[in-house]
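Have a look at the structure below, then the notes.
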Amino acid sequence: MIEKRAFYIGGQWVCPAAPRDHQVINPSTEEACAVISLGDQVDTDKAVAAAKAAFPAWAVTPLDLRRTYVERILAQYYIRAEEMAQAISMEMGAPIDFARNSQAPCVSEHIEGFLSALDRMEWAHDMGPEAPGTRIVKHPIGVVGLITPWNWPMNQVTLKVIPALLAGCTLVLKPSEEAPLSSMLFAEFVHDAGVPAGVFNLVNGDGAGVGTQMSSHPDIAMISFTGSTRAGKAISRTAAETLKRVTLELGGKGANVIFADAGEEAVTKGVRRMFNNAGQSCNAPSRMLVERPLYDRALEVARKAAEETTVAPAAKSGSHIGPVVNRAQWDKIQDLIQSGIDEGATLLAGGTGLPEGLNKGYFIRPTVFADVRPGMRIEKEEIFGPVLSMLPFDTEEEAIQIANDTEYGLTNYIQTADKARARRLGLQLNAGMIEMNYRSLGDGAFFGGVKSSGTAREGGVWGINEFLIEKAISDWN
Ligand code: NAD
């Protein structure tokens, strides 16, 4: 069993003030794979004090030097990428090949993305003739608190830590207590990159403890949070008392609108996309809306794609999907699958219980429901497991109406050969991101939503700007 009780504070690994053990459970085996400590107020205060002390010097460190430190973090990742993949696979159940090819490489992809965004950043400008002599300059906002979830652990950590460092902020990271090992390894990268003491600090803890202590801390200027809508609201309430900036990346219930002219291949891709990472992605296309002429055929295709999806332990090599992260998520997903059956949706594939051949681990049967109606729980609630809901539609207007009738608005998807129609829908679907014909957004585009999905804009120049605050100065010339 791995023992990692220390926190990274002020440039060194330090013992918690009053160690409180927390077991990290391997979701494939249901057995503890590591023990960490959950911090308390003393640890949080220590980390914030270290970040506060380091802020003045880091804020004025030349940008080129801050960039060099980030490049060194990237170099550390390349040396230790396999360790990173192993840590993620063990802590949250990503199959090892998926961890190697998709989860861990988030570190390098995002770092490279931010380094190139840095070249496009505008740090200061003079206002136009309407405001002669007035200059706008950007400053790092101060000490920032970063709170991350377990589902794409390095994706969210690098989307926050790297722009904060480049912006000149110092920080305290609290990774998910479900998946802390990858972040602790990341802290080693930062240490070995020689980032000055106190600039980056890590304290493990849960939401009620360290998470809330950070959200209410008077010396933290901003919280950047990714996680559930529930926690996002709690953080916003707590942070209001100290008037912090709060940026939120929350849940989703993405619509994937498939027109008949997109063909059945679009259905297969949509199912696979839904089951990716065992359905644990906030931007998962969890509601598949299919135009009526394709609908019956789409059900057959989706059933086949689900039945071809294999489920196996994370340590096994291959293209299967793994377990979901923990018992609570497993129970919640079982309850939602049962609700789909009870509310009268047609179960095309999967269902409740463990997949055949597996008798332990938090595995879910790849599940597809047909004839789902707007308003059913499986249509409304974020499931966060490999469960797809399929709904037919007759007209473009109806598709838009169903797609937008949700509290969320993160990513919606449109599949059609008709470019004019795709653009029309792209403008009318209410979400922060629209992906057409399974083409990903280009490098440097942001990630972020609207409504209950939160309104943060992470990645690219937007991601760096989130950690900056503007100052207007008169009589500059
Ligand atoms: P969670 O909200 O339970 O936990 C996320 C993090 O917040 C953890 O570090 C947790 O310890 C902390 N936390 C929990 N309650 C808190 C509180 N009251 N105050 C401060 N911190 C608190 O979410 P999760 O179960 O880890 O992650 C899954 C959720 O995250 C899903 O809803 C998913 O859609 C969402 N998510 C969103 C995005 C996005 O970018 N929009 C990305 C990934 C995940």
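The values are calculated or read from the model by the stated rules, or taken from the named source; none is laboratory data. These numbers come from a predicted model, not from an experiment. Note that each Cβ is placed from the backbone with ideal geometry, even for glycine, and that neighbours are counted across all protein chains shown. Please note that ligands, DNA and RNA were not included when accessible areas were found on the heavy atoms of the full protein model with its side chains. Shrake-Rupley method; radii C 1.70, N 1.55, O 1.52, S 1.80 Å.
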The percentage of the accessible area of the chain (probe 1.4 Å, all protein chains present) made up of carbon and sulfur atoms, to the nearest whole number, is 51
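Considering every Cα-Cα pair within region 1-43, what fraction, in whole percent, is farther apart than 13 Å?
Values: 493 of 903 pairs.
Tail of the P(r) past 13 Å holds 55 percent of the pairs.
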Cβ-Cβ cut-off under 13 Å around Trp150, Lys and Arg +1, Asp and Glu -1: the net charge is -3
Acute angle (nearest 10 degrees) that the helix 153-167 long axis makes with the longest principal axis of the chain, alpha-carbon atoms: 30
If you count only protein heavy atoms with a 1.4 Å probe, what accessible area per residue comes out for the chain, rounded to a whole Å²? 39
For the chain, build the charge dipole from Cβ charges (+1 Lys, Arg; -1 Asp, Glu) around the Cα centre, then report which of Gly251, Ala164, Leu74 sits farthest towards its positive end. Ala164
If one compares the long axis through the Cα atoms of helix 264-275 with the longest principal axis of the Cα atoms of the chain, the angle in degrees, nearest 10, works out at 50
What aspartates and glutamates sit close enough to Lys174 to cross-link, taking a C-alpha to C-alpha distance under 14 Å and skipping anything fewer than 8 places away on the same chain? Asp40, Asp43, Asp45, Asp206
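Could you tally the net charge around Phe446, taking each other residue with its Cβ under 9 Å from the Cβ of Phe446, Lys/Arg +1 and Asp/Glu -1? List each step's numbers first, then the result.
On the way: positive: Arg457; negative: Glu458.
After counting each charged neighbour, the total is 0.
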Return, for the Cα atoms of the chain, the radius of gyration and Dmax in Å, separated by a comma. 22.8, 74
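How big is the charge dipole of the chain about its Cα centre, in debye rounded to the nearest 20, if each Lys and Arg gets +1 on its Cβ and each Asp and Glu gets -1 on its Cβ?
480
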For the pair Glu122 and Thr352, the simple spin-label estimate (label points 7 Å beyond Cα toward Cβ) gives in nm 5.8
Nearest 10 degrees is fine. How inclined is helix 229-240 to the longest principal axis of the chain, computing both from alpha carbons? 30
Suppose every K and R has +1 on its Cβ and every D and E has -1 on its Cβ; what is the size of the dipole of region 38-83 about the Cα centre, in Debye to the nearest 20? 240
The answer for the net charge of residues other than Glu31 whose Cβ lies under 14 angstrom from its Cβ, with Lys and Arg +1 and Asp and Glu -1, is 0
Of Lys233/Lys332; Lys316/Lys360; Lys138/Lys253; Lys269/Lys419, which pairs sit farther than 27 Å apart, going by alpha carbon to alpha carbon? Lys138/Lys253
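Could you list the chymotrypsin sites (Phe, Trp or Tyr not before Pro) in region 257-365 that lie in coil according to DSSP, counting only those with at most 14 other Cβ atoms within 10 Å of their Cβ?
In loop regions of region 257-365 (DSSP not H, G, I, E or B), there are no sparsely surrounded chymotrypsin sites (Phe, Trp or Tyr not before Pro).
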Going by amide H atoms built from the backbone, whose H comes under 5 Å of the H on Ile25, apart from near neighbours? Cys33
Using the Cα centre as the reference, give the magnitude of the dipole from point charges on the C-beta atoms of region 342-406 (Lys, Arg: +1; Asp, Glu: -1; all else neutral), rounded to the nearest 20 debye. 520
Rounded, prolate or oblate: which fits region 327-371, taking a ≥ b ≥ c as square roots of the Cα gyration tensor eigenvalues, rounded meaning a/c under 1.5, else prolate when a/b beats b/c? oblate
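Check each of the trypsin sites (Lys or Arg not before Pro) in region 417-477 and keep only those in coil by DSSP with at most 16 other C-beta atoms within 10 angstrom; list them in order. Walk me through the numbers before you get to the answer.
Working: sites: Lys419, Arg421, Arg423, Arg424, Arg439, Lys451, Arg457, Lys471; in loops: Arg439, Arg457.
Answer in residue order: Arg439.
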